[in-house]
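First comes the structure, then the notes that go with it.
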Amino acid sequence: MRDKLGRFVKGNKPQKPFQKGNIPWNISKKCPQISKALTGHYVSEESKEKMRGKRPSISGSKNPMWKGGKKTYCIDCGKQITNYTYKRCKPCADKDKKGKPIWKGDDVGYGGVHDWVRANKGKPQVCEHCGKIKKEGKIEWANTDHKYKRKLEDYISLCTSCHRKYDKKNV
């Protein structure tokens with residue numbers, strides 16, 4: 001129950017609780033300012049924005065206080081970069097990885113070496129011990145000397161079961 005101002009009166013329950021199939025009270029209501037303005041004639045987007053109370057966008061270069069933004073340059077070639085969070089331009093970033101300062105060489109970890117092997121040798125297709133193919137089960141690159149250096153000849157392709165047996169035998 002509500003009072004004259006539309007507030008709920010304490011202690012009174014609503015007359016009808018919500019039930020499936022009830023029609024919401026605001027189903028036929030529309031925003032009065034916009035609905036009256038739109039009936040029977042064309043209203044421009046500018047007028048609609050004024051009715052909605054939105055301000056025109058003055059972000060970026062449209063803002064009168066704009067001073068040109070932050071300029072960043074590639075640390076390798078000095079070319080201006082559009083995205084200020086990057087340190088290198090696209091051509092310099094795509095150069096050989098050995099020229100990058102983050103290149104670790106042989107000091108890379110287990111996962112990094114395996115990613116390097118997969119990039120250079122591709123995905124293994126056949127187990128070199130039992131001859132199982134990729135469709136029959138998972139095939140992995142196994143390191144023969146367990147030193148995990150960047151030598152492609154130190155890696156052989158083995159299925160999961162042969163890889164486990166090989167590691168138990170050679171550790």
Mind listing whichever residues of the stretch 105-131 are closer than 19 Å to H146 by Cβ, assigned to a loop (DSSP other than H, G, I, E, B) and either at pLDDT below 85 or within 26 Å of the chain's Cα centre (by Cα) (or both)?
V108, G109
Here are some conditions: (1) modelled with pLDDT under 90; (2) of a type outside the set (K, R); (3) assigned to a helix (DSSP H, G or I). H146 meets all but one. Which one does it not meet?
(3)
So which pairs qualify, if the first residue must be in the stretch 41-54 and assigned to a helix (DSSP H, G or I), the second must be surrounded by 10 or more Cβ atoms within 10 Å (Cβ to Cβ) and modelled with pLDDT under 75, the Cβ gap must be under 7 Å, and the two must be at least 6 apart or on different chains?
M51/Q33; M51/I34; M51/A37
If we scan the stretch 112-134, do we find a residue that is of a type in the set (A, V, I, L, M, F, W, C), without any contact (Cβ under 8 Å) to a residue 12 or more places away in the chain and surrounded by 10 or more Cβ atoms within 10 Å (Cβ to Cβ)?
yes
State the number of residues belonging to the stretch 64-78 that are within 27 Å of the chain's Cα centre (by Cα) and either under 10 Å from C92 (Cα atoms) or not charged (D, E, K, R) (or both).
5
Which number in (1) in a helix (DSSP H, G or I); (2) loosely packed, with under 10 Cβ neighbours inside 10 Å; (3) modelled with pLDDT under 80; (4) not polar (S, T, N, Q) marks the one condition that P91 misses?
(2)
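The values are calculated or read from the model by the stated rules, or taken from the named source; none is laboratory data. All of these numbers come straight from a predicted model, not from anything done at the bench. Glycine also receives a Cβ, built like all others from the backbone with ideal geometry; neighbour counts cover every protein chain displayed.
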